[in-house]
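Only one structure is covered here, and it is reproduced in the block below.
What follows is calculated from the coordinates using simple rules that are stated; it is not laboratory data. All values reported here derive from a predicted model rather than from experimental measurement. When we count neighbours, we look across all protein chains shown, and the Cβ atoms used for this are built from the backbone with ideal geometry, even at glycine.
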Amino acid sequence: MKMSKTRLYVEKKLSPNIIIYIKDYQLHFLKNVLRIKIDESITLFDGLTGEWLSKVISINRNNVVLQISKKIRDLEKESDIWLIFAPIKSFRMNITIQKATELGVSRFIPCITQHTNQQKINNRNLKMNIIESAEQSERLSIPILDKTYKLDELLSSFPNDRGLIFCNENQKNLPSIYDEISKFKNKFKKWSILIGPEGGFSEKETNDIKSLKNTISVTLGNRILRSDTATTAAIFSVQSIIEKEL
């Protein structure tokens, strides 16, 4: 069987010879976009066991039927990074989710702050965006999309063993994110990145964030960055250091 260039996530634990039924938007993608044919190969992953090769055994009106043949890649150890972000306009938020998934974020936590101007998010749309980004980037896991928290609620129950990287644009003369992560890389095995809304955090919110013992206040440079740009820069900086320790 030839290797496949098509890669799909399925919400079912995979094993040899089992049958998978592809429906809904993935069915449309396979039938109408890729125009797959019987006996073609499709790569599948489940976020649990790794990556598998399958063969198309049937194409129907309501589903495409695949049979699993063999595992081609095992799950790999990944860094544990949460992204805590204030919701922004849908287009820029989709970019943020896409890039963060590609860069290896393990959990997304939407957070409402005083200056958040987008109070509601489309969880279904974001979840689909996460899955498509994981499929495209060839990662084997699917990040968790958490419920939306208020900032004070999140801070009050934040775990002590997880470093909280606070990208604080309101304070001058902070150390760079790269320097600080290098300094604390052996203190924490789990990390989180906090990105505020376009209007920034209020003074009270800033003080509340800084009051946590595991908060690491950093700067991303001299320029004021959009939320999606700041997110990409912060995740890349963290991953470039901590992934060396895996």
Practice problem: Just report the Cα centroid separation between segment 83-124 and segment 180-246, whole Å. | Solution: 15 Å
Quiz item: Stretch Ser240-Lys89 to full length: gain in nm at 0.36 nm per residue minus the Cα-Cα span?
Solution: 51.5 nm
Quiz item: Antiparallel DSSP bridges in the chain: what percent, to the nearest 5?
Solution: 40 percent
Practice problem: Could you calculate the FRET efficiency of Gln118 with Asn160 from 1/(1 + (r/R0)^6), where r is the beta carbon distance between them and R0 is 41 Å, rounded to 0.05? | Solution: 0.85
Exercise. Starting with the fewest neighbours, write out Tyr25, Tyr9, Tyr178 ranked by other beta-carbon atoms found within 10 Å of each beta-carbon.
Key: Tyr25, Tyr178, Tyr9
Practice problem: With a point put 7 Å past each Cα toward its Cβ, work out how far Glu102 is from Ser69 in nm, to one decimal. | Solution: 3.0 nm
Quiz prompt | Candidates per GluC sites (Glu not before Pro) in segment 15-99, loop by DSSP, up to 12 other Cβ within 10 Å | solution = Glu76
Exercise. Round to the nearest 0.05 the FRET efficiency obtained for Lys150 and Arg7 when R0 = 41 Å and r is the Cβ-Cβ distance.
Key: 0.65
Practice problem: Within 10 Å of each residue's Cβ, count the other Cβ atoms and sort Asp161, Asp179, Asp46, Asp208 from fewest upward. | Solution: Asp161, Asp179, Asp208, Asp46
Quiz item: Between Asn60 and Ser211, what length comes free when the chain is fully extended (0.36 nm per residue of separation minus the Cα-Cα distance, one decimal in nm)?
Solution: 48.5 nm
Quiz item: Between (1) 19.6; (2) 18.7; (3) 20.7, which matches Kirkwood radius over Cα pairs in Å calculated for the structure shown?
Solution: (1)
Quiz item: Once the piece of chain linking Ser202 and Tyr25 is laid out straight, how much longer is it, given 0.36 nm per residue of separation minus the C-alpha distance between them?
Solution: 59.6 nm
Quiz prompt | Two-site FRET efficiency, Glu76 against Ser15, from Cβ-Cβ distance with R₀ of 22 Å, rounded to 0.05 | solution = 0.70
Quiz item: Okay, helix-only estimate at 222 nm for the chain: each DSSP H run of n ≥ 4 adds -39500 (n - 2.57), divide by all residues, round to 500 deg cm²/dmol; what do you get?
Solution: -8500 deg cm²/dmol
